[in-house]
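Notes follow the structure.
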Amino acid sequence: MMINIIIFSIISASVFIFTVIKLIKDNNSNYLFSLISEFLGIIIDFICIFFSTEPGIITLIIMYTLSVIIPIVLLILEKNEINLLELLGIIKADYYKEKNQYDLAKKQLINNVNKFSNSFFSHQKLGEWYEKSGELEKAEDEYLKAIELKPKKYENYYKLALIYNKDKKKEQAIEVLRDVLKRKADYLDASIALGDILYETEMFKEAINVFQDALKYNPGEYKLYYYLGMSYTRINDFPNAKEYYKKAATINSTLNAAKLNLGQISLLFKDYDEAEKYFMECIENDDEEIQAESYYYLSKIKLINNETALAVQYANIALELEPKLIEKMEKDIYFVSILGKLKLKESKYVKTKLTKGEKNIINYLDKTYAVVQTLTSNKETKEKEENERDY
């Protein structure tokens with residue numbers, strides 16, 4: 001007998017027997033779709049055997065599709081508790097979405113949930129839909145239902161927490177993320193989200209603890225080192241901040257925001273050579289805001305070193321990239337002497353990938369430097385006056 005027919009007969013018979021056993025055991029009528037498909041493939045197989053005909057490639061594809069591929073796909077769907085009709089409804093909703101028929105897509109997903117009220121998959125998909133359309137409370141309800149149906153699908157806890165955060169329910173978001181991390185301590189996204197929310201609410205020490213715990217499971221994740229650098233910056237622990245920024249930049253050499261912060265910290269401690277090295281590295285990237293800030297600080301270093309010509313050159317490049325930096329320069333005592341030599345530009349759109357939090361860190365370090373600079377200046381003035389009195 002032909003080898004292809006023998007192989008197909010063995011495989012199709014095995015799948016058919018397995019499906020029949022599942023039908024009897026689970027008493028689930030959904031397996032009938034699979035049995036019908038398998039039966040059609042077996043009929044073609046029987047015809048080939050009866051007429052002693054070697055099946056061509058197209059016939060073999062049809063036979064395997066009907067008796068093997070479709071049944072296996074249906075079994076996989078069943079294992080994941082996805083009904084075939086439910087899946088077709090979701091495909092239909094996706095089709096409407098691609099055609100920009102959003103109302104029809106939404107209606108189809110709601111119909112799915114109504115028909116398959118205990119389907120984890122449908123509730124999750126509808127939750128994602130509500131989230132994207134900004135209907136946060138409805139998204140919360142759907143994710144809560146999905147969590148109820150499958151408590152060990154931790155992704156939905158994470159998504160729910162993000163929605164709580166968007167909906168300004170930070171305490172609830174923190175509670176959900178803490179809960180999921182108790183169950184799955186190595187969940188990186190949940191750790192980052194929790195640390196980020198704690199950071200946003202200025203609970204910096206708590207954020208540090210979360211990021212430190214996450215490092216135990218993800219020692220090579222540069223984001224954790226970078227966020228630790230930001231958190232330590234906000235509690236004015238600059239040596240630790242510097243250490244973590246360095247680690248982040250070592251793992252990800254393109255992380256110019258970390259290098260900019262390193263330059264600012266070096267400047268804060270009057271290590272001008274090291275600061276200049278970091279700022280020079282930063283001007284090589286394509287982020288205009290990082291470039292502008294770097295040229296601004298390079299100009300300041302040149303002013304401190306009495307290299308006025310280079311200071312003017314760097315300051316003008318900074319203003320070309322970000323005209324609003326003139327406001328910072330006007331408030332900085334170092335720039336007073338060169339303000340008349342600067343070329344003012346009209347405001348423009350600055351291309352940047354910096355987040356709001358990253359911009360805040362840059363400003364925080366800048367203000368910290370200004371405070372230290374003022375205190376140092378006052379101390380020097382006081383010492384000078386005391387020396388003059390003694391004299």
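The values are calculated or read from the model by the stated rules, or taken from the named source; none is laboratory data. Quick caveat, the model's predicted, so the values are computed rather than measured. Glycine also receives a Cβ, built like all others from the backbone with ideal geometry; neighbour counts cover every protein chain displayed.
Mind checking which pairs have a first residue in region 15-42 that is within 14 Å of LYS79 (Cα to Cα) and modelled with pLDDT of 70 or more and a second that is basic (Lys, Arg) and surrounded by 11 or more Cβ atoms within 10 Å (Cβ to Cβ), Cβ under 9 Å, 6 or more apart or different chains?
SER34/LYS22
Does region 150-159 hold any residues that are over 22 Å from the mean Cα position of the chain (by Cα) and either among the aromatic types (Phe, Trp, Tyr) or crowded, with 18+ Cβ neighbours inside 10 Å (or both), and which are they?
none
In region 98-142, which residue that is hydroxyl-bearing (Ser, Thr, Tyr), touching a helix residue (DSSP H, G or I) at 6+ places or on another chain (Cβ under 7 Å) and part of a helix (DSSP H, G or I) is nearest to ALA173 (Cα to Cα)? Lay out the reasoning, then the answer.
Start the filter on region 98-142 by keeping residues that are hydroxyl-bearing (Ser, Thr, Tyr), which leaves 102, 117, 119, 122, 130, 133.
If we keep only those that are touching a helix residue (DSSP H, G or I) at 6+ places or on another chain (Cβ under 7 Å) as well, we get 119, 122, 130.
Going one step further and asking which of them are part of a helix (DSSP H, G or I), we end up with 122, 130.
On the way: SER122: 23, TYR130: 18 Å.
Filtering first and then ranking leaves TYR130.
Evaluate the following for ASN261: is it free of Cβ contacts under 8 Å to residues at least 24 places away in the same chain, within 35 Å of the chain's Cα centre (by Cα) and within 23 Å of ASP237 (Cα to Cα)? Show your work before the answer.
On the way: free of Cβ contacts under 8 Å to residues at least 24 places away in the same chain: no; within 35 Å of the chain's Cα centre (by Cα): yes; within 23 Å of ASP237 (Cα to Cα): yes.
Here the answer is no, as ASN261 does not meet what is asked.
If PRO239 meets every condition in (1) under 20 Å from ALA311 (Cα atoms); (2) surrounded by fewer than 17 Cβ atoms within 10 Å (Cβ to Cβ) apart from one, which number is that one?
For PRO239, the failing item is (1).
Restricting the search to region 333-345, which residues are outside any helix (DSSP H, G or I), of a type in the set (A, V, I, L, M, F, W, C) and surrounded by 15 or more Cβ atoms within 10 Å (Cβ to Cβ)?
Step one: list which residues in region 333-345 are outside any helix (DSSP H, G or I), which gives 342-345.
Of the ones still in play, those that are also of a type in the set (A, V, I, L, M, F, W, C) are 342, 344.
Passing the criteria: only LEU342.
Across region 301-320, what is the total count of residues that are in contact with a Ser or Thr (Cβ under 6 Å, 6 or more places away or on another chain) and either among the β-branched types (Val, Ile, Thr) or free of Cβ contacts under 8 Å to residues at least 24 places away in the same chain (or both)?
Taking region 301-320 and keeping what is in contact with a Ser or Thr (Cβ under 6 Å, 6 or more places away or on another chain), we get 311, 314-315.
From what's left, either among the β-branched types (Val, Ile, Thr) or free of Cβ contacts under 8 Å to residues at least 24 places away in the same chain (or both): 314.
So the answer is 1.
Could you please let me know if GLY229 is crowded, with 24+ Cβ neighbours inside 10 Å and either in contact with a Cys (Cβ under 8 Å, 6 or more places away or on another chain) or over 30 Å from LYS182 (Cβ atoms) (or both)?
Details: crowded, with 24+ Cβ neighbours inside 10 Å: yes; either in contact with a Cys (Cβ under 8 Å, 6 or more places away or on another chain) or over 30 Å from LYS182 (Cβ atoms) (or both): no.
Considered against the rule, which asks whether it is crowded, with 24+ Cβ neighbours inside 10 Å and either in contact with a Cys (Cβ under 8 Å, 6 or more places away or on another chain) or over 30 Å from LYS182 (Cβ atoms) (or both), GLY229 comes out as no.
Could you go through region 325-332 and let me know if any residue there is exposed (fewer than 10 other Cβ atoms within 10 Å of the Cβ), outside any helix (DSSP H, G or I) and at pLDDT 85 or above.
There is no residue in region 325-332 that is exposed (fewer than 10 other Cβ atoms within 10 Å of the Cβ), outside any helix (DSSP H, G or I) and at pLDDT 85 or above.
Taking the stated definitions as given, is ALA309 buried (at least 17 other Cβ atoms within 10 Å of the Cβ), part of a helix (DSSP H, G or I) and either more than 22 Å from the chain's Cα centre (by Cα) or not assigned by TED's automatic domain parsing to the domain that holds THR368 (or both)? Before the answer, list the steps.
On the way: buried (at least 17 other Cβ atoms within 10 Å of the Cβ): no; part of a helix (DSSP H, G or I): yes; either more than 22 Å from the chain's Cα centre (by Cα) or not assigned by TED's automatic domain parsing to the domain that holds THR368 (or both): yes.
Against the criterion (buried (at least 17 other Cβ atoms within 10 Å of the Cβ), part of a helix (DSSP H, G or I) and either more than 22 Å from the chain's Cα centre (by Cα) or not assigned by TED's automatic domain parsing to the domain that holds THR368 (or both)), ALA309 does not qualify.
Would you point out the residue of region 43-59, among those that are modelled with pLDDT under 80 and surrounded by 17 or more Cβ atoms within 10 Å (Cβ to Cβ), that is nearest to SER119 (Cα to Cα)? Working first, answer last.
Of all residues in region 43-59, those modelled with pLDDT under 80 come to 45-46, 48-56.
Keeping just the survivors that are surrounded by 17 or more Cβ atoms within 10 Å (Cβ to Cβ) gives 45, 48, 55.
Working: ASP45: 37, CYS48: 41, PRO55: 41 Å.
Per the criteria, the residue is ASP45.
Can you list the helices (runs of 4 or more DSSP H) found entirely within region 222-287 that contain at least 3 residues being at pLDDT 95 or above and not assigned by TED's automatic domain parsing to the domain that holds LEU354? Can you show your working first?
Values: elements: 222-234, 238-251, 256-268, 272-282.
So the answer is 222-234, 238-251.
Checking the condition at pLDDT below 95, loosely packed, with under 13 Cβ neighbours inside 10 Å and closer than 29 Å to ILE235 by Cβ, which residue from LYS356, LYS348 passes?
On the way: LYS348 fails: closer than 29 Å to ILE235 by Cβ.
On inspection, the qualifying residue turns out to be LYS356.
Pairs needed: first member in region 184-199, in a helix (DSSP H, G or I); second member anywhere, basic (Lys, Arg); C-beta distance under 7 Å; at least 6 residues apart or different chains.
Hits for this filter: ILE192/LYS223; LEU194/ARG178; ILE197/LYS170.
Looking at (1) at pLDDT below 85; (2) surrounded by fewer than 19 Cβ atoms within 10 Å (Cβ to Cβ), which is the one condition that is false for SER119?
That leaves (2) as the condition not met.
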